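Let me begin by presenting the structure, written as structure tokens, before commenting on it.
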Amino acid sequence: METVERAGRRAGAAGLLLLYLAAASAGLTASGCRVNENDIRRWETTAHGPDKLRAVLFHDKYDPSLRVEAATSLIRMKPRQGRRVGIGILVETLASIEPAERQAIVAALVPAIIAELRKPPPVAQPGQPLPPDTSFPYKDAAYAMLTSDRTAIIADEGLKEGLKAALIDWAMADFEHRLEDRSQAYGMEQLLRFIGPAAVAGLPRLMTREAKRLDQMASLVAEHGDAATKEAASANLVAIARFVTSEAWIDAKKPELQAANAASKLTPTEKQFEAQLAQYQEEELFRVFGSMKKLGGRPSVDYLLAFAANKELPEKRRQAALAALEGRLDRNNPSDIQRILEIVTADAPDVVLDQAFRRVGEMPRELVADKLYGLFKTDKWKIRRAAAATLLKMSTVKHIDEFMSRLPDSKGFALPEALTYGAALGDLKEGSPLEALKKHFTSGPAPVRTSAISYYFTFGTAADLPALKALEGDTTRAPVCEADPDCKWACEVSKAGSNERELRAVKTVGDFVQYCIEPAVQERKPELEKGAPK
């Protein structure tokens, strides 16, 4: 039911329209001349022309063809103070005409609009700027008529669907130019969103190696496309990526880069030119990866997984391929899970492993936990730490005992591992991490004890010092790690009677408490309880 307030606004708008029409009609009557097409054309440029065109369109005393011509003039009328006022007048007036009468006008107007939309887009001549595209006002008028919320301007479904089809063809005919044109009242994305999946079904065929707006196309297909359209677009992105990484791309772009250097009066050496070309290629590839990330799709996912697994490729590109897979792996596809796990278990550079573990972290815990635990056996502590950190992000307090039972022996266990695990364990939800960790402070091998005690390194305060003092006497031998300087068990402490600091070797769990944990918490004040005085 229409509210009294809304009905009042409509009545007010209708009254205002009638006043406009009465004034315009009086002007037309006073002129004493019969209105013809020349008048209609002339009024497109006069100060009071819009009101006179409105009157011709509204009144049934005028010949139907003249009323349609007045409607067309309102569409093609040049902007006034930067606004195409004619289109608003057109829709408002049509909405005020009796339905049967309105549909007779619309039945003649819509084909005229469609004819304009189907005209070939302008083409620039050599040495000349691109001619103006005169189709935009017809597109804006069509959109305004289709989306009018006051009344159904186009009631005939056949006309409506025909107009939508013409709008789709119009958008695809010169997509890149029409996408970025700022003169239109309604943007391309707004139009395609209104029409729905059918509007972007033609975009995949435009996603070619020459396309300059791949990113926007991928976004539109991702947002509005149906499954078939997304799959086709994803496959085309793969074809573009294959081209960018091919010798054919190098052969095509090498002359372009040489010409650009010459224009800028640059004379790079052969080695510098190769570096320029490689950087250019990488930037192009990363743009395609960005589009793949937005769109996803099985073709892109398979390509990116294979790319990331290829040890022959530069690590930065493999890293980018894995980053593009964010949120795109299928949690229900065993092959996706297996292939990403194969990357994390391979001998890959740190930056590649970092992204691979991030993708593993997006998978269900029950499907990857055993594989991640299997990595605890590696002698590469950084890989083990990444696997453990990934696993803990998927875990809750109930998994603490399980995690502790899978930690490796002391040999090769790194001090940064213990500190990392302590912080991650303290972040676990669904229970109290500290309560679950307390039993591990004084039981189990050194990796278990130091990882549990490391909870205090991140979360402890000066109030926890008494509990830590009780652990200073633990003589359990500390782990030993000699793989690299970063993994050694040693911490900086203040020299007695001096402001200087020195590195002290950690030989026991008690040493770890005294040299590494207590200094970190002794200056950290406890958080005040809510309501406590400051």
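The values are calculated or read from the model by the stated rules, or taken from the named source; none is laboratory data. Everything quoted here is computed from the prediction, not taken from an experiment. All Cβ positions, even for glycine, are placed from backbone atoms using ideal geometry, and neighbour counts span all protein chains on display. Surface accessibility is based on the protein's heavy atoms, side chains included, excluding ligands, DNA and RNA. Shrake-Rupley method; radii C 1.70, N 1.55, O 1.52, S 1.80 Å.
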Practice problem: Among the residues of the range 273-294, write down those that are hydrophobic (A, V, I, L, M, F, W, C) and either at pLDDT below 95 or more than 16 Å from residue 237 (Cβ to Cβ) (or both). | Solution: 273, 275, 277, 278
Quiz item: Looking at the range 505-534, which of its residues are surrounded by fewer than 16 Cβ atoms within 10 Å (Cβ to Cβ) and either at pLDDT below 80 or part of a strand (DSSP E or B) (or both)?
Solution: 505, 523, 525, 526, 527, 528, 529, 530, 531, 532, 533, 534
Quiz item: Which of (1) open to solvent by 20 Å² or more (accessible area, probe 1.4 Å); (2) assigned to a helix (DSSP H, G or I); (3) in contact with a helix residue (DSSP H, G or I) (Cβ under 9 Å, 6 or more places away or on another chain) does residue 372 not meet, given it meets every other one?
Solution: (1)
Practice problem: Would you check which residues across the range 168-182 are outside any helix (DSSP H, G or I) and in contact (Cβ under 8 Å) with a residue 40 or more places away in the chain and list them? | Solution: 174, 181
Quiz item: Taking the stated definitions as given, is residue 40 modelled with pLDDT of 95 or more, hydrophobic (A, V, I, L, M, F, W, C) and either in a helix (DSSP H, G or I) or open to solvent by 80 Å² or more (accessible area, probe 1.4 Å) (or both)?
Solution: no
Quiz prompt | So residue 181, is it touching a Phe, Trp or Tyr at 6+ places or on another chain (Cβ under 7 Å) and acidic (Asp, Glu) | solution = yes
Quiz item: Taking the range 202-212 as the region of interest, how many residues are within 20 Å of the chain's Cα centre (by Cα) and either modelled with pLDDT of 95 or more or crowded, with 19+ Cβ neighbours inside 10 Å (or both)?
Solution: 3
Practice problem: Go through the residues of the range 154-164 one by one and say whether even a single one is open to solvent by 50 Å² or more (accessible area, probe 1.4 Å), of a type outside the set (S, T, N, Q) and not in a helix (DSSP H, G or I). | Solution: yes
Self-check item: the range 49-82, subset under 19 Å from residue 100 (Cα atoms) and of a type in the set (D, E, K, R), residue farthest from the chain's Cα centre (by Cα)
Solution: 61
Practice problem: Please determine, by comparing only the residues of the range 408-430 that are open to solvent by 20 Å² or more (accessible area, probe 1.4 Å) and modelled with pLDDT of 95 or more, which one is farthest from residue 508 (Cα to Cα). | Solution: 430
Quiz prompt | Among the residues listed as 199, 218, 185, 233, the single one being in contact (Cβ under 8 Å) with a residue 24 or more places away in the chain, open to solvent by less than 10 Å² (accessible area, probe 1.4 Å) and closer than 16 Å to residue 170 by Cβ | solution = 199
Quiz prompt | Cβ pairs under 6 Å, 6+ apart, first in the range 82-99 and in contact (Cβ under 8 Å) with a residue 12 or more places away in the chain and under 19 Å from residue 155 (Cα atoms), second in a helix (DSSP H, G or I) and open to solvent by 20 Å² or more (accessible area, probe 1.4 Å) | solution = 93/58
Quiz prompt | Filtered residues of the range 115-145 (kept if open to solvent by 30 Å² or more (accessible area, probe 1.4 Å), within 19 Å of residue 84 (Cβ to Cβ) and either of a type in the set (A, V, I, L, M) or not in a loop (DSSP other than H, G, I, E, B) (or both)) | solution = 116
Practice problem: Scan (1) part of a helix (DSSP H, G or I); (2) of a type in the set (A, V, I, L, M); (3) open to solvent by less than 40 Å² (accessible area, probe 1.4 Å); (4) under 25 Å from residue 188 (Cβ atoms) for the single condition residue 68 breaks and write down its number. | Solution: (4)
Self-check item: Verdict on residue 297 being buried (at least 21 other Cβ atoms within 10 Å of the Cβ), among the small types (Gly, Ala, Ser), farther than 24 Å from residue 413 by Cβ and at pLDDT 95 or above
Solution: yes
Exercise. Could you give me the residue pairs with C-beta distances under 7 Å whose first residue belongs to the range 115-130 and is without any contact (Cβ under 8 Å) to a residue 40 or more places away in the chain, whose second residue is outside any loop (DSSP other than H, G, I, E, B) and surrounded by 12 or more Cβ atoms within 10 Å (Cβ to Cβ) wherever it lies, and which are 6+ apart or on separate chains?
Key: 116/138
Quiz item: Counting just the residues of the range 239-269 that are without any contact (Cβ under 8 Å) to a residue 40 or more places away in the chain and of a type in the set (Ser, Thr, Tyr), which one comes out most open to solvent (accessible area, probe 1.4 Å)?
Solution: 267
